[in-house]
1. Just to check your reading of the model, which residue among Met181, Met173 is at pLDDT 95 or above, within 16 Å of the ligand (Cβ to nearest atom) and under 25 Å from Glu318 (Cβ atoms)?
2. So which residues in the stretch 45-54 are outside any loop (DSSP other than H, G, I, E, B) and buried (at least 21 other Cβ atoms within 10 Å of the Cβ)?
3. Surrounded by 16 or more Cβ atoms within 10 Å (Cβ to Cβ) and assigned to a loop (DSSP other than H, G, I, E, B): is that true of Glu408 in this structure?
4. Cβ contacts < 8 Å: first residue on the phi > 0 side of the Ramachandran plot, restricted to the stretch 281-308; second residue among the small types (Gly, Ala, Ser) and within 16 Å of the ligand (Cβ to nearest atom), any location; separation 6+ or different chain. Result?
5. Touching a Leu at 6+ places or on another chain (Cβ under 7 Å), farther than 25 Å from Val423 by Cα and of a type in the set (Gly, Ala, Ser): is that true of Ala153 in this structure?
6. Pull out all pairs, ordered by first then second residue, where Cβ-Cβ is under 6 Å, the residues are six or more apart or on different chains, the first lies in the stretch 154-166 and is of a type in the set (Gly, Ala, Ser), and the second is modelled with pLDDT under 95.
7. Would the stretch 276-289 turn up any residue that is surrounded by fewer than 24 Cβ atoms within 10 Å (Cβ to Cβ), among the acidic types (Asp, Glu) and more than 16 Å from the ligand (Cβ to nearest atom)?
8. Against the conditions (1) buried (at least 22 other Cβ atoms within 10 Å of the Cβ); (2) within 16 Å of the ligand (Cβ to nearest atom), where does Leu323 fall short? Just the number, please.
Amino acid sequence: MLPRLLPALALAFPLFSAQAETPEAQSTARIFDHLRNDPARLTLFMRNFPKGGDLHNHLAGAISAESYLDWAAEDGLCVSLSQGRILPGKCRLATPGDIPAAQLKTRDDAREVMIDSLSMHDFTPSPADRSGHDHFFSTFGRFAPVLPAHSGAMLAQARDQAAADHVVYLELMISPGLGAMVKAGDQHPLHDLDLDAAHEALKDERPRLVAEARRNTDEMEHEAHDILQCDTPAAHPGCAVTVRYLFQAIRTMTPAQAFTQLDTGYQLAHDDPRFVGLNFVAPEDNPVAMGDYSLHMQMFAKLGALYPDVRLSLHAGELTPALVPASGLQSHIRDAVEIAGAERIGHGVDILWEKDALRLLKEMAQRRIAVEINLTSNAQILGVSGGAHPLNVYRHAHVPVVLSTDDEGVSRSNLTLDYLKAVSTTPLSYADLKSLSRNSLTYAFIPGMSLWDGDHVITLCKAPQSFACADFLKKSQKARLQLQLEQNFAAFENAISHEPLFQ
Ligand SMILES: [Zn+2]
């Protein structure tokens, strides 16, 4: 391993001086400043900009409606044009508005209806479909029948999309084996909300549930590997993207179902190094999610104490005053940090309305709790965008921030577009962009010590060809990704600063 690392390290040599601003880095920073008011050239610049990781990406939401419809056709499924959904089986005779998905290939009008229904494509509020929030979240149920048979193709698509965005690391949210966990939850009601007893009651079933989740993940990965033709000369760019998973539990289920998912998810992340942590998903303003929020935080506290090695990122504060009463805006982010022990917060949009927000911001900055900012998703679901988005508040408060996609398929977006949104609404310098990109690996849950201390390479690797540094890299998966990102920065700056189109 060591000899293999040394050439990579030698290649990386210019990156260390990049910390001290190489001429190419300075030139790229000047070009970026010139391009601010030139959206088309800025888009090209930003597409190629190395973006590190995407830490908030739901696999099911990352896929295009077109792919879901193609797979429905392959599987012989029916679509309901009146409901705008894919149905779980073949068309029954004489159901008006139902047609085989295969017919969509020759029926452009019907295909458009379905694409609109399965994504935010062409979304325009109407009396029958008034809310971006409702439309966005309802897409997941509408394409759900296709998911179980196509997880490998989904993973392949997400990896290739990440590569197209110059992302080197994906932390994907997936829910393998969810059905069996929910069923087990139904068999073990939470008596008196006694979490210790509930954990004990699952003792015999937990290994089976974890095994099923791991098996589903194995199958997904093998299929994706084949589709991407990894380890062959025809390998897709997605093969080069490192992938880890967060087990995502659904927060809108009964307490027993929620606990069983989390209990199994913690064990899964403890046992299987591909799962680097957990998350908790579905609309936060849902009545069950709101009503059980405190109970859910207690579940995380309990399981976090039992599995201290398992990392936690929580969707918290994906709320606005228009969505929930003021009482619901008081403390979701604080509770996620202080009670559940979340190390990262997803969205965090309602920070402006939290009780004692200034103290909370200070605490997050001090404890280095990162916020995953999803600008496209927040605009579509919450109607929060531009200067009204708290991105700038977090930055001013020195809370670590990363940019992420949330559901790039549903939202018809990608990480490049989210970076462009950030640039258009926030006075970011080129150095700020690099910090955002580095943050997405610093705060990734992939294990290992960081190559950076802030925006600087750690002292141990200041002498890059030293055996001490090579040994450090050998031991840290995270630092190796960070090294790759620094190499990508150096290559990008070299290309941009010599590209006539940008002069
Ligand atoms: Zn999300």
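The values are calculated or read from the model by the stated rules, or taken from the named source; none is laboratory data. Since the model is a prediction, treat every value here as computed from it, not as a measurement. No Cβ is skipped: glycine too gets one built from the backbone with ideal geometry, and neighbour counts run over all protein chains shown.
1. After ruling out the rest, the residue left standing is Met173.
2. Phe45, Met46, Gly52, Gly53, Asp54
3. It is true that Glu408 is surrounded by 16 or more Cβ atoms within 10 Å (Cβ to Cβ) and assigned to a loop (DSSP other than H, G, I, E, B).
4. Filtered contacts from the stretch 281-308: Ala282/Ala289.
5. no
6. So the pair list comes out empty.
7. no
8. Exception for Leu323: condition (1).
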